[in-house]
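Report on one structure; see the data block that follows.
What follows is calculated from the coordinates using simple rules that are stated; it is not laboratory data. What you are looking at is a predicted structure, and each value in this text was computed from that prediction instead of being measured. Heads up, the Cβs are rebuilt from the backbone with ideal geometry, glycines too, and the neighbour counts pull from every protein chain shown.
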Amino acid sequence: MVFIAWATCFFFYAAHFVAASQSSALQLEASALLASGWWRSTNNTNNTSSRCKWPGIACNAAGSVTEIAVGAFYLGGEMSKLNLSYFPNLVRLDLSRNGLQGSIPVEIGTLSKLNYLDLSHNTMTGELPLSLTNLTQLVMFNVSSNQIIGSIPTSLSLLIHLTHVILYDNQINGSIPSTLGSLTNLEVLYLFSNQINGPIPSTLGS
C-alpha cells in the first residue's frame, strides 16, 4: 500500500512538472514574440495566451507556435530581434519583404522542424550561417534579393529534402559546389545575379 501511494504521488508530481514545463515553454514563445517589438501594436497583445490569434502566427493543438508568416509586414530592424531559440516546433518561417537588416542569426539552426524558410527581398548581409546545416527537414530555402556574401556552403547538400534553393540577386561568390548534385529532390535552383564563377558541375545532372 505504501508503494502504491508513493507511486501515485510520484506520477502526480511528474505530470504536474511536465504541465508546468510546457506552460513555461509556451510563455517563453509569447515573450519572445513580444520582445521583438513586431507585435506590440496588435490588439490584445497584453494577453500572451492569445498569441495564436496574432497576425501571421499559427499554433498546434498544444498552443505551441508552428508558423510565423509575416511577409510584407514591413517590420524593419534586424532578424535577431526575434529569438528563434524559443520556437522548437516552428515549421514555417516567412519574413520576406520586411526591410530586415543584419545577418541571418546562427540561432536559426535550432529550428530542427523547419521545412519552409523565406527571407527574400530584404537587405540582409553577411554569409549564410553554417548552422543552416541543422535544418534537416528544410524543403524550401529562399534568401533571394538580399546582400548575402560569401560562397554557397557545401553543407547544403546535407539537407536532402530540399526542393527549392533560391539564392538569386545577392553577392554570393565562388563556384557552385558539386555536392549539390546529391540533392535528388531538388526541383528549383536559382543562382543568377550573383558573382558565381567556374563551370556548372556535372553532378547536377543527377
* Relative exposure of VAL165, VAL188, VAL106, judged by other C-beta atoms within 10 Å (fewest first) -> VAL188, VAL106, VAL165
* Can you sort ILE149, ILE176 so the residue with the fewest Cβ neighbours within 10 Å comes first? -> ILE149, ILE176
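Quote the charge dipole size of region 68-152 about the Cα centre in Debye, to the nearest 20; the model charges only the Cβ of Lys and Arg (+1) and of Asp and Glu (-1).
Details: 4 positive and 5 negative charges, 31 e Å.
Dipole about the Cα centre, nearest 20: 140 debye.
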* Structure fact -> The answer for THR66, listing residues at least 5 apart or on another chain whose modeled amide H is closer than 5 Å to its amide H, is ALA58, CYS59, ASN60
* **Cβ-based net charge around VAL91, under 9 Å, with every Lys or Arg adding one and every Asp or Glu removing one** => +1
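Please give the length that would be gained between SER24 and THR123 if that part of the chain were fully extended, namely 0.36 nm times their separation in residues minus their C-alpha to C-alpha distance (nm, one decimal). It would help to have the intermediate numbers written out before the result.
Details: separation 99, 0.36 × 99 = 35.64 nm, distance 3.43 nm.
Full-extension gain reported as 32.2 nm.
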* Find, among the GluC sites (Glu not before Pro) in region 102-206, those assigned to loop by DSSP (not H, G, I, E, B) with at most 16 other beta-carbon atoms within 10 angstrom. => GLU187
* **Nitroxide proxy distance, nm - points 7 Å out along Cα→Cβ at VAL106 and ILE149** => 1.9 nm
* Structure fact -> In whole angstrom, the spacing between the Cα centers of region 91-108 and region 67-88 equals 6 Å
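What's the exposure ranking of LEU189, LEU82, going from fewest to most Cβ atoms within 10 Å? Don't jump to the answer; show the numbers that get you there.
Values: LEU189 16, LEU82 23.
Ordered by Cβ neighbours within 10 Å, fewest first: LEU189, LEU82.
With Cβ to Cβ distances under 14 Å as the rule, what net charge do the other residues near LEU167 carry (K, R +1; D, E -1)? Don't skip to the answer; put the middle values down first.
Details: positive: none; negative: ASP118, GLU127, ASP169.
Spelling it out: positives minus negatives among the neighbours equals -3.
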